Amino acid sequence: MTKLEKLIKNRIQETGPISIAAYMSECLLHPELGYYTQKNVLGSRGDFITSPEISQMFGEILGLCLAQYWIDLNRPARFALVEFGPGTGTLMLDILRAGSSVKGFVEAAEIFLVEASSKLKSEQQNKLSKFDVNWINDNLLIPQMPTLFIANEFFDALPVKQYQKENDLWYEIQVGIKNDQLELGLSHEHKTHPELETRFRDCVTGDIVEISEDATRISKSIGQIINNEGGCAIIIDYGDWHSLGSTLQALKSHKYTQIFDQPGEVDLTCHVDFESLARNSGCAYSRLTTQGVFLERLGISDRANQLLENSQPEHQHSIISAHKRLTHPDEMGTLFKVLGLYPSDKNSPAGLLK
Ligand code: SAH
């Protein structure tokens, strides 16, 4: 039993079953024993590999997309560039390198990173040491100026609560203990939640709905800044427009495992409910677009060909396979989606349609 499992069981024994969100928070972000706070989670030797870690092309394309948005804003002399959950800092580094080909873009950027893990913060510090970087909380207290947000595989890491519809009432799915083992069960009393009201009619008995209060709060803050100051957000993650059913999953060493397997040692994520992010932001939002289509629209194939022309034969295979991994429907091209948020009187970011 991991130390964290013991702590969680003690908590449940003292105060009763806890929400899945509370379980996820403990597992992912416990200051000493949490998954993101103690482990090398990313990369081929970690538990999962993300698009920016697969290839520089991903961050370069996003960098140029953001730089184009800055040009469309009439090149403000100062703007905030905010990344949520920057991991090892690779994406921001690639954004800034590609963005430096657009005169004035990097110089105008004030960089803000939202990161909960002090271990990853220090990796970001090392990787981005040439830049002036600020770390902030997800309450987004930043100076008032046009703001460009980016988030890749951040929202899937936010805790969710799960509710199940039974006999025309909602009950919460909670984590309790049976025979000394963690297990899921329904709350004794029925529950209400403002976000459940809109889901009542499209659900039948037995359906499960997931709600991320953190995602709602953060998308509201993003939307307020975009509407008041100008700017946009590009959110990339796996998930769909409308979520239904439990999407909670656990991953260790690139393989799926059980959600109660070694708490704190495995990654726990949920599919992102993009409709909820879009509507809660209060901004205009783009059509939800697959990652493959988005990257192709912005020229990833041209970039791959350019890299191929300038590379040694032994590197060519990895460029071709990275391009395929990022864009092909059987790989990350379809499962991953891209959502743009922007003010209603402005255009959507490049690569995303209104
Ligand atoms: N965007 C990176 C990393 C994705 S992993 C990439 O594409 O490679 C998820 C990232 O979100 C990690 O940096 C993790 O520490 C951070 N994170 C997870 N939950 C968070 C929270 N509640 N607040 C801030 N950062 C969080």
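From the list I320, I300, the one residue that fits, being more than 30 Å from I71 (Cα to Cα) and of a type in the set (V, I, T), is I320. Any residue in segment 279-293 that is touching a residue at least 24 places away in the same chain (Cβ under 8 Å), surrounded by fewer than 16 Cβ atoms within 10 Å (Cβ to Cβ) and not acidic (D, E)? Scanning segment 279-293, I find at least one residue that is touching a residue at least 24 places away in the same chain (Cβ under 8 Å), surrounded by fewer than 16 Cβ atoms within 10 Å (Cβ to Cβ) and not acidic (D, E), so the answer is yes. Of everything listed in (1) within 13 Å of the ligand (Cβ to nearest atom); (2) in a helix (DSSP H, G or I); (3) free of Cβ contacts under 8 Å to residues at least 60 places away in the same chain, the single unmet condition for L96 is (1). Answer yes if at least one residue in segment 248-266 is of a type in the set (F, W, Y), without any contact (Cβ under 8 Å) to a residue 24 or more places away in the chain and over 22 Å from I222 (Cβ atoms), and no otherwise. Looking through segment 248-266, at least one residue is of a type in the set (F, W, Y), without any contact (Cβ under 8 Å) to a residue 24 or more places away in the chain and over 22 Å from I222 (Cβ atoms).
Condition check ((1) under 25 Å from D237 (Cα atoms); (2) outside any loop (DSSP other than H, G, I, E, B); (3) of a type outside the set (A, V, I, L, M, F, W, C)) across all residues:
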position: E107; (1), (2), (3): no, yes, yes
position: A116; (1), (2), (3): yes, no, no
position: K121; (1), (2), (3): yes, yes, yes
position: K130; (1), (2), (3): no, no, yes
position: N134; (1), (2), (3): yes, yes, yes
position: I142; (1), (2), (3): yes, no, no
position: Q164; (1), (2), (3): yes, yes, yes
position: W170; (1), (2), (3): no, yes, no
position: T198; (1), (2), (3): yes, yes, yes
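Listed by position, the strands (runs of 3 or more DSSP E) inside segment 203-277 whose residues that are charged (D, E, K, R) number at least 2 are 231-240. Between T205, T269, T257, the distinction of being over 27 Å from T327 (Cα atoms) and of a type outside the set (D, E) belongs to T205 only.
Of all positions in segment 313-327, none carries a residue that is on the phi > 0 side of the Ramachandran plot and either of a type in the set (K, R) or crowded, with 16+ Cβ neighbours inside 10 Å (or both). Restricting the search to segment 31-59, which residues are more than 12 Å from the ligand (Cβ to nearest atom) and either surrounded by fewer than 20 Cβ atoms within 10 Å (Cβ to Cβ) or not in a loop (DSSP other than H, G, I, E, B) (or both)? Matches in segment 31-59: P31, E32, S44, R45, Q56, M57.
Just need a number here: residues in segment 111-167 that are within 16 Å of the ligand (Cβ to nearest atom) and touching a residue at least 60 places away in the same chain (Cβ under 8 Å).
Result for segment 111-167: 23.
From the set of residues in segment 60-88 that are in a helix (DSSP H, G or I) and within 16 Å of the ligand (Cβ to nearest atom), which is surrounded by the fewest Cβ atoms within 10 Å (Cβ to Cβ)? Only one residue fits best here, namely E60.
Read the figures in this text as sums done on the coordinates, not as results from a lab. Fair warning: this is a prediction, and the values are worked out from it, not measured in the lab. Quick reminder, even Gly has a Cβ in these numbers, built from the backbone with ideal geometry, and neighbours come from all protein chains shown.
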